[in-house]
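Quick notes on the structure that follows.
The values are calculated or read from the model by the stated rules, or taken from the named source; none is laboratory data. Since this is a predicted model, take the numbers as computed values, not measurements. Cβ: placed from backbone, ideal geometry, glycine included. Neighbour counts: every protein chain shown.
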Amino acid sequence: MKNSLYQKKRNFSKTDEPTGSQRARPEGWPIYVVQKHDATNLHYDMRLQIGDVLKSWAIPKGPSTDPREKRLAIETEDHPLDYADYEGVIPDGEYGAGTVLVWDKGTYENRSTLDGRQLSAEDAFTKGEIIVNLHGYKLQGEYALIKTNSNQGQWLLVKKRDSHADARRNPVSTEQKSVISGRTLKGVKKEEKND
Ligand code: MN
């Protein structure tokens, strides 16, 4: 991702986020990740591997398992694939300053279609309507990401009605820990300070 927007926004002598210079090696099923990010405003960054980057959306309220909930998802810059494992504290004054943890992670299957035909994830992204079947720890089953007409960069994330839809679950509030380290935001912050 040479000279990408991702790199231009960051000073890698100050932040310990991945530099995006590592060669991407896409193999197996594409990556799905949601990172909880305690920045100026707490939000959840959902990322889907499309090609050799992570397409990214910031979701202020986080994902829901309730099909009646439509969650605003604001498109953000592509991130490098190795960002999917990033946890840490982005220093004050840097872009996205605040604590990051891996709230959910796994793989996904692209289920996007157009006129009954399978559509590649790339084409679905361009079209502004992506259907994915998630295989995460906290989120499973089909979700739709749909670009709204009202504003550029604004999408909606909606759970599809399937066996994983559950209006009683609210994983954003009841399942707050990292799926890769078991840490809370507080725990990540504390450990990074002690490094
Ligand atoms: Mn973020």
Taking region 51-61 and keeping only residues that are farther than 19 Å from residue 3 by Cβ and surrounded by fewer than 20 Cβ atoms within 10 Å (Cβ to Cβ), one is left with 58, 60, 61
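Kindly indicate the residue of region 11-55 that is basic (Lys, Arg) and within 12 Å of the ligand (Cβ to nearest atom) and also farthest from residue 84 (Cα to Cα) among those meeting that condition. Break it down stepwise before answering.
Of all residues in region 11-55, those basic (Lys, Arg) come to 14, 23, 25, 36, 47, 55.
Applying the additional criterion that residues be within 12 Å of the ligand (Cβ to nearest atom) yields 36, 47.
Working: 36: 12, 47: 8 Å.
Result: 36.
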All conditions in (1) loosely packed, with under 15 Cβ neighbours inside 10 Å; (2) under 18 Å from residue 180 (Cβ atoms) are true of residue 17 except (1)
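Out of curiosity, is residue 120 in contact with a strand residue (DSSP E or B) (Cβ under 6 Å, 6 or more places away or on another chain), more than 16 Å from the ligand (Cβ to nearest atom) and modelled with pLDDT of 95 or more?
Values: in contact with a strand residue (DSSP E or B) (Cβ under 6 Å, 6 or more places away or on another chain): no; more than 16 Å from the ligand (Cβ to nearest atom): yes; modelled with pLDDT of 95 or more: yes.
Spelling it out, it is not the case that residue 120 is in contact with a strand residue (DSSP E or B) (Cβ under 6 Å, 6 or more places away or on another chain), more than 16 Å from the ligand (Cβ to nearest atom) and modelled with pLDDT of 95 or more.
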If we ask which residues in region 73-93 are of a type outside the set (Gly, Ala, Ser) and within 14 Å of the ligand (Cβ to nearest atom), their number turns out to be 11
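Here's the yes/no breakdown for (1) of a type in the set (D, E, K, R); (2) more than 30 Å from residue 187 (Cα to Cα):
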{"residue": "65", "(1), (2)": "no, no"}
{"residue": "84", "(1), (2)": "no, no"}
{"residue": "88", "(1), (2)": "no, no"}
{"residue": "93", "(1), (2)": "no, no"}
{"residue": "97", "(1), (2)": "no, no"}
{"residue": "114", "(1), (2)": "no, yes"}
{"residue": "123", "(1), (2)": "yes, yes"}
{"residue": "130", "(1), (2)": "no, yes"}
{"residue": "134", "(1), (2)": "no, no"}
Of the conditions (1) of a type outside the set (S, T, N, Q); (2) surrounded by 17 or more Cβ atoms within 10 Å (Cβ to Cβ); (3) more than 16 Å from the ligand (Cβ to nearest atom), the single one that residue 128 does not satisfy is (2)
The lone condition residue 185 fails out of (1) under 20 Å from residue 38 (Cβ atoms); (2) at pLDDT below 95 is (2)
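Check region 56-66 and report whether any residue there is within 16 Å of the ligand (Cβ to nearest atom), among the hydroxyl-bearing types (Ser, Thr, Tyr), out of contact with any helix residue (DSSP H, G or I) (no Cβ under 8 Å at 6 or more places or on another chain) and farther than 14 Å from residue 81 by Cβ. Spell out how you get there, then give the answer.
So the first thing to find is which residues in region 56-66 are within 16 Å of the ligand (Cβ to nearest atom), and the list is 56-63.
Within this subset, residues satisfying the condition of being among the hydroxyl-bearing types (Ser, Thr, Tyr) are 56.
In the following step, the residues that additionally are out of contact with any helix residue (DSSP H, G or I) (no Cβ under 8 Å at 6 or more places or on another chain) were identified as 56.
Next, only the ones that are farther than 14 Å from residue 81 by Cβ stay: none.
Looking through region 56-66, none of the residues is within 16 Å of the ligand (Cβ to nearest atom), among the hydroxyl-bearing types (Ser, Thr, Tyr), out of contact with any helix residue (DSSP H, G or I) (no Cβ under 8 Å at 6 or more places or on another chain) and farther than 14 Å from residue 81 by Cβ.
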* Would you mind stating whether residue 153 is in contact (Cβ under 8 Å) with a residue 12 or more places away in the chain, within 16 Å of the ligand (Cβ to nearest atom) and over 23 Å from residue 51 (Cα atoms)? => no
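Being surrounded by 18 or more Cβ atoms within 10 Å (Cβ to Cβ) and polar (S, T, N, Q) is the requirement here; does residue 112 meet it? Before the answer, list the steps.
Values: surrounded by 18 or more Cβ atoms within 10 Å (Cβ to Cβ): yes; polar (S, T, N, Q): yes.
Yes; evaluated as a whole, the condition is true for this residue.
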